[in-house]
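**Q** Could you have a look at this structure, given as structure tokens, before my questions?
Each reported figure results from applying straightforward, stated rules to the coordinates on display, with no laboratory input. Predicted model only: the values in this text are computed from it and were never measured. Glycine gets a Cβ as well: all are built from the backbone with ideal geometry, and neighbour counts include every protein chain shown.
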Amino acid sequence: MLRRIPRPLALLLAVSALLSVAWTFTTAPLQGPDEPAHFNFTQHLAETGAKPTVVGGDHPDSSQVFAALYFLGLDQLAGVSDARPAWSAAEERRFDDLLEDAGEAAEEDGAGPNPLAKNPPLYYAYAALPYYVGSAGSFWDRLILMRLASGLLLLATVAFTWLAAAELFAAAWPRVLATGCVALLPQMTFLSGTINADNLLVAAWTGFTFVALRLVRRGPSARRILALCAFASVSLLTHGRGLPILLPLVVALAVSLLRARPSVGQVVRWLALGLGLLVAAFGAYRLLLAPSTGAYGGEVVLSPTGGLSVSGFLSATWQFYFPRLPLMELRVGPDYGYRQVFIESFFGKFATLEISYPSDVYSLIQLACALGLAGLLAAVAGRWAAVRARWAEVVVLVAVTVSMVGLLHVASYRSLVGSLDPLITGRYLLPVVGVFGLTVAFVISSLRPRAGAVTGALVLSGLLALNVCGLMLTLTRFYG
Amino acid sequence: MARVATVAFVALLVGVVLLPVRSFLTKPREVIASTPSAFTGATVPIALADGAEACADEILFDTNAEVARFAATAPAGTVAPALEVVARGNPEGELRSAYVAEARLKGGWSGTRVLDVPLEPPRRATFGTFCVRNLGSGPIELVGNENDRAFSRPTLEIDGEASPDDLPLRFLAAEPASFAARGGQIMEHAATLRPLGAWWWWLLALAVVALAPVAVVLAMRSALSTDAVLRARAPAPVGAWPSERLRRRVDATPGWAIVAAAGTLAVLWFLYWGVNTHVFQFDEDQYVYLSRLLQDDFPAMLWDFDVYGRGLQRLEVWLLALPSFAFDSPASLVAGRFLNAVAFVSTAVPVYRLGRGLGMTPRWAALPAVLSAVVPWAVVTTAFLSENVAYPACLWAVWSIWRATAAPGWRRDLVALVALLVAGAARTGLLILVPVLPAAVLVTGLRCGAGSVLARVRTLLREHVLLWVAVTAAALPLVLAPLGVGAAATIRARLAGGYTTQVNLTAWELVEKFGSYFSRSVVGTGFLAAAVALPWLAHELWRPRDRRSFGFATTVVLSALALLYSLAPAGPDERYILYLAPLLLLPAALALSRREIMPAGLGIASVLLAALLLRVTWNPEQGPFGFFVTPVEMFYARVLGLRLAGYLPGDGSDALALVAVGLALAGLALAVLLRRRPEWLQGRPAACLVALVAAAILLQTHYALTKHVNGAGSKAGAGIGERAFVDRAVPAGVSAGAFLEGAGQSPEFFPIWQEVQFYNEQIDRVYALYENINPVPPGDDLVTGVAFDRTGRVVSPVPLPDYVAIPTPIGIARLRGEVVSAPTYVPVALIRLARPARLAWSADGFGANGLVPDGAPGEVRFYGAGLPPGEHCASYGLVAPPAAAARFRIVRGGKLVERGTLDPSATRNVVVALPRLAERRSIDVQIRGTGLQVAGISMSQDC
């Protein structure tokens, strides 16, 4: 089986695995985005078989996690650049004694309130496996194993990107570019070194992208539709931000069925299994597993909020990307937009967002992205015939992107109106990281071969350099 | 192909490692030993009385904890007492230790200080307590923070009692060290709380640094090799786009269309920054006021030399008058910015025409044309200054002079004379180009004409009759004025205004000044342009290839010298040398397009220009308007100097020296290549070099615009719309007035009135209570001697208009009326006057900004005449000073009606009833207080 893995893919998987392991060890314990809450959720699920609650309970953190946060300075560490974690053997020994004294009860009492208890439980069930395996070791062994399990999801994401690229590009170079853009993206590899449900969400969306492309390219079949719905189900059972996958699901099914023009009976036979799985998964979650406060939370709040308007949404979204037009009201909230989300926190802001590259580096990335966008327009114009011939794939990719970005804008607008908090960050764009890689590959493969080779090499080199520098910044920030 | 890709991949990685990574890892930094308590919430003071002690427990004293850092504040008005600091190991428990370290800190300082206390560290890491004792006779406050966002391990006790707050505390090593020097220690730290030891970290680091790049390179090479095989099998390249159709379309695009498209983008670019500029500078307000005056006094003002005082120069005023005639503010100001941007960018047209006239292909001619439109000095488009129109006017003049030299004829002479007149109208200083016309014609005719010298002179006289007549006419005032002919002196004075070209500098000082100006032009146009242009110009003057080129070189050199000469008495503003940019870019593009770059010339010029860059001074600190006044210098000194110095040894001047040497070497390398391997520079390498120069220019322009507008330009401040609060509120065609009284008549208020007048076109009258002090914009009617009688009725020589802008600080008299608009960024409000015009109240005894003098009352008389019957009351907005509480007493008609105390910095609104005010003529209210400020007084019936 291993022999069938293309060499470039195997190498990129190896690099991404290496980077993921490096991030796993470099990021100080419990310093990933909301990592204590993700850990608590998993621990409570693994120890008691039950989810923590969103509002109830009297232990947001289990006693074990609380002791780590409090005693080892990991609580005050988050977001404070000049703070350092405990790093002496004496402190580690004292902490071990504390855990020993507390006993097993200290693992089970993190019942809530846990803000992440609003999340569906699939990722946490997955993370419970390394948690169990790690039970043979120390608290830190568990943490590391759970992080490494997130790294496996990165490998799945990388592999799915390669497969998706293979659906679009006959040549190997664009596949390497698309996959490399995912495997070497610093934010992606950083996230894979933390305990975070986004890892499964990203893998599910990338897998969905691959299957959707295959579906519209090769035509519908019961297996493909089942696989597509399976990925959609994983997305729905992972996070509230997984909900918008329903839009590209509908689009992919509609496009593939329109192109195939099957009989009604055939349609029913194809769809039955997949949609059945989807309905069963969502129904089971909604009826059996959803918290009393609502099926989802955070970015997917379904209750209406006052003060919203279509014009306000359009104005806020416009000003997210562009300067305000004369007729527009000033966007509420902080100066937060395209650069902060699509550049800074998409390419790399680490830990609790306090570790970042120098501003000039982000400016360079922004410039490169601007050139890339201009190149995309030129490539679409120059290869219009080819683009038009592959309209189905383009529609699917656009649907995947628009659904996620659209949800984030709606969520951000709702949040800004209510609380002046823009809510969204670049990490939330990672579910469409596969589309990002495919787009980069499309633009660069549109250049002449020699120019494409050099540009692609610079892109991959730049991402790797960012990754290594990110690791260096993180290591010195926590331990320097 | 795989090799090229590998080289690119490795080159970028090596570049990153050599510059930022090396610099980051080798920079000496403070070494943090531990941070027992960092930021956990809002900062709070932790009071420590005489003899009191604050102790934090659960402190880990590591073996390199040589300095303890915390902060303390001496309460206002006191000095800090001496402090004793004791670090002590826990006497009991498994990790007990006899460790004790003590230190004493001298008192006597004031304010807040970060205290670095040297301590003897323990031999092994020890848990213990850290105590600070107040040894002095006065209190001190430790800078603490709340337990809010997070918790830290230590518990703070003050004299044995637990405090809810934390003492932020950090331990440091005594000496700074770089990360590189502490690699082992960092790996040891990182191995804590982990399953594997420090060896694992080294292994991991090695793998990431060495194996990851190799794996990516192997993946790249594997894919590119596979594709090469595929490409060899298939005739069409795999995945490459079918670009021929697009290429044909691009090739078919005419040069003018490229100029137009690039110009449109440039206009939008400049307009964005222009509209977001919310300051105006000296001269801008004059231009704006005069453009408004032009409408009132049209057409006489067109040629009025007395009001203006700048000689012939007036084109910018005319240009701004167009939108001012069509719209009110803010639309007129936005349109003015647009016209300025269009005018500036239109410089591309004469440059393009020059290029075409010199035989360049349309696309080659488009290159200098577009670059001329986006030079760094385009930052002037964010201001209403004459350079915006003078820049294209100058280049039109140069174009017309060149035409007169290239192909003689009276029509061309006429066009040149008109162009010079327009250039003079755009900027008086450009009149210096007038002598360039006959000089260039003369030199070109003599050098390139046919026959004997006499025959050439005769030809010149015959072919340029109109020009010589004009020269004679123009010379008359110059000759006659010193002879005392009054009319001639008047003409000369009117043309030149207050400007002069008299030089009080020695020859060397002049050369130095020219050198300084020219160095900015060299950097601003991307260095290589000048290195290519100068030898080409020299060669054309020495051995001309044809008449057109010689005429062009002569015109360029004479024009540049004339412009530099005219700047001898000028300041350092780089916008004065803006005109030199196309005079460098055009010859450079010409040399490139004709393949006439001389290797020796390029090498020599590069070295000389680099020497010039080394010789002149570059100052990175030029104040808030530095990015506007000296955009190139700021870029060069800051981006190339200071920023590069962060990555290299030495300071900014060392980095600039390296840059200059690097530029010289680059020029020399190009010269050598051009000489020995010219084929290496053909095609794409040449295109890359051109792109590099273009990028250098664009980068500087972007830098100047963003830095200026985001900084001094107050992009984040109130917008033009908010500033035009009068024009937006007052109906179109209705005049508004400004009412100067109280604080509004002080010299300090003048900039505020200037601000209001600049952004509001509909204010065209100024009313001053009694006498006026401050200047009034040209064109505004000034009405002095406004007064009021005992009933508050306003007496004015000219009736007040319905809408009046008034100062909001407490002054002498407040007009009665409804507040229509009250922007927050200036202490001015727009009111609609109640009729007949009366005062709401008058005041006496208040200091500046409504301060109530200690020991004396601030008196306010509220007027009742004309008010509707019923309840009336006054509302006082009181403010206490930041450092002390303020007491107040309010007395109405001799009776105390309100008293109280405000905490430091507190504000309070106090309502005072004004019983039967409508029936009475007036009510007097007195307010007394200590340190009290009355921020505002308003009247209403809503009591």
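**Q** Of the listed pairs A:Lys349/B:Lys27; B:Lys27/B:Lys715; A:Lys118/A:Lys349, which have alpha-carbon separations greater than 31 Å here? Show your work: numbers first, answer last.
**A** Details: A:Lys349/B:Lys27 23 Å; B:Lys27/B:Lys715 35 Å; A:Lys118/A:Lys349 25 Å.
Listed pairs above 31 Å: B:Lys27/B:Lys715.
**Q** Using the Karplus curve 6.51 cos²θ - 1.76 cosθ + 1.60 with θ = phi - 60°, work out ³J(HN,Hα) for each residue of the stretch B:114-124 in order, rounded to whole Hz, and write x for Gly and Pro.
**A** In residue order, the calculated couplings are 8, 9, 9, 9, x, 9, 7, x, x, 7, 9 Hz.
**Q** Report, in whole Å, the centroid distance computed from the Cα atoms of the stretch A:1-75 and the stretch A:382-418.
**A** Centre-to-centre distance over Cα atoms comes out at 30 Å.
**Q** Calculate for the protein assembly as shown the 222 nm mean residue ellipticity that helices alone would give, adding -39,500 (n - 2.57) per DSSP H run of length 4 or more and normalising by residue count, nearest 500 deg cm²/dmol. Let's see the in-between values first.
**A** On the way: 50 runs with 717 residues, N = 1423.
After summing the helix terms and dividing by residue count, I get -16500 deg cm²/dmol.
**Q** Could you pull out every whole DSSP H run in chain B that spans at least 30 Å of Cα extent along its own axis and averages 0.5 or higher on the Kyte-Doolittle scale?
**A** Working: long enough: B:212-233 (32 Å, 0.91); B:652-676 (35 Å, 1.64); B:684-710 (37 Å, 0.93).
Span-like helices in chain B: B:212-233, B:652-676, B:684-710.
**Q** Now, a different point. If you find the alpha carbon centre of the stretch B:879-903 and of the stretch B:386-433, how far apart are they in angstrom?
**A** If you average the Cα positions of each part, the centres end up 70 Å apart.
**Q** Under the definition of partner shielding as Cβ atoms of other protein chains within 10 Å of a residue Cβ, what is the mean value for peptide A:12-22?
**A** Values: counts 6, 2, 6, 10, 2, 0, 6, 3, 0, 3, 6.
Averaged over the peptide's residues, the number is 4.
**Q** Within the stretch B:117-171, report the trypsin sites (Lys or Arg not before Pro) that DSSP leaves as loop and that have at most 11 other Cβ atoms within 10 Å.
**A** Values: sites: B:Arg123, B:Arg124, B:Arg133, B:Arg149, B:Arg170; in loops: B:Arg123, B:Arg124, B:Arg149.
For trypsin sites (Lys or Arg not before Pro) across the stretch B:117-171 that sit outside H, G, I, E and B with at most 11 neighbouring Cβ atoms in 10 Å, the list reads B:Arg123.
**Q** Further, regarding this structure: Compute all pairwise cysteine Cβ distances in the protein assembly as shown, then list the cysteines with no distance under 4.7 Å to another cysteine.
**A** Lacking a cysteine Cβ partner under 4.7 Å: A:Cys181, A:Cys229, A:Cys369, A:Cys469, B:Cys394, B:Cys448, B:Cys688.
**Q** Name the residue from B:Asn147, B:Pro75, B:Val208 whose Cα lies farthest towards the positive end of the charge dipole of the protein assembly as shown, charges +1 on Cβ of Lys and Arg and -1 on Cβ of Asp and Glu.
**A** B:Val208
**Q** List every residue whose amide H lies under 5 Å from the amide H of A:Gly110, counting only residues 5 or more places away in sequence or on a different chain, with H placed 1.01 Å from N in the peptide plane.
**A** A:Ser62, A:Ser63
**Q** Rounding to the nearest 20 debye, state how big the charge dipole of chain B is about its Cα centre with +1 on each Lys and Arg Cβ and -1 on each Asp and Glu Cβ. Write down the numbers at each step before the final one.
**A** Details: 81 positive and 72 negative charges, 928 e Å.
Around 4460 debye, computed over chain B.
**Q** Sticking with this structure for a sec: Report, by chain and number, residues whose modeled amide H sits under 5 Å from the one on B:Val79, excluding near sequence neighbours (fewer than 5 apart, same chain).
**A** Amide H neighbours of B:Val79: none.
**Q** Going through the stretch B:778-870, which chymotrypsin sites (Phe, Trp or Tyr not before Pro) have at most 16 other Cβ atoms within 10 Å and a DSSP loop state? Let's see the in-between values first.
**A** Details: sites: B:Phe788, B:Tyr803, B:Tyr825, B:Trp841, B:Phe846, B:Phe862, B:Tyr863; in loops: B:Tyr825, B:Phe846.
Answer in residue order: B:Tyr825.
**Q** May I pose another question? Lys/Arg Cβ at +1, Asp/Glu Cβ at -1, dipole of chain B taken about the Cα centre: which of B:Thr617, B:Gly719, B:Ala425 is farthest positive-ward?
**A** In chain B, that residue is B:Ala425.
**Q** Sticking with this one: Using a Cα-Cα cut-off of under 19 Å, which aspartates and glutamates could be cross-linked to A:Lys51, ignoring same-chain neighbours fewer than 8 residues away?
**A** A:Asp34, A:Glu35, A:Asp61, A:Glu104, A:Glu107, A:Glu108, A:Asp109, A:Asp198
**Q** Rank B:Gly524, A:Thr476, B:Leu580 by how far each Cα sits towards the positive end of the charge dipole of the protein assembly as shown (+1 on Lys, Arg Cβ; -1 on Asp, Glu Cβ) and give me just the farthest.
**A** It is B:Leu580, whose Cα lies furthest towards the positive end.
**Q** Where the centroid of each part is defined by its Cα atoms, how far is the stretch B:255-304 from the stretch A:170-246 in Å?
**A** The distance from the Cα centre of the stretch B:255-304 to that of the stretch A:170-246 comes to 53 Å.
**Q** Using a cut-off of under 14 Å, list every residue of the stretch A:227-255 whose amide N is near the label point 7 Å from the Cα of A:Arg218 along the Cα-to-beta-carbon line.
**A** Label zone hits: A:227-228.
**Q** Report, in debye and to the nearest 20, how large the dipole of the stretch A:1-77 comes out about its Cα centre when Lys and Arg carry +1 and Asp and Glu carry -1 on their Cβ.
**A** Values: 4 positive and 6 negative charges, 156 e Å.
Using Cβ point charges on Lys, Arg, Asp and Glu, the stretch A:1-77 gives about 740 debye.
**Q** Something else now. What is the set of long-range amide H partners of B:Ala813 at a cut-off below 5 Å, with H atoms built 1.01 Å from backbone N?
**A** The answer is B:Gly742, B:Ala843.
**Q** Taking the Cα centre as origin and putting +1 on Lys and Arg beta-carbons and -1 on Asp and Glu beta-carbons, what dipole magnitude results for the protein assembly as shown, to the nearest 20 debye?
**A** Working: 114 positive and 100 negative charges, 1570 e Å.
It comes to approximately 7540 debye.
**Q** Could you work out how far helix A:122-134 tilts from the main Cα principal axis of chain A, as a 0 to 90 degree angle to the nearest 10?
**A** The answer is roughly 50 degrees.
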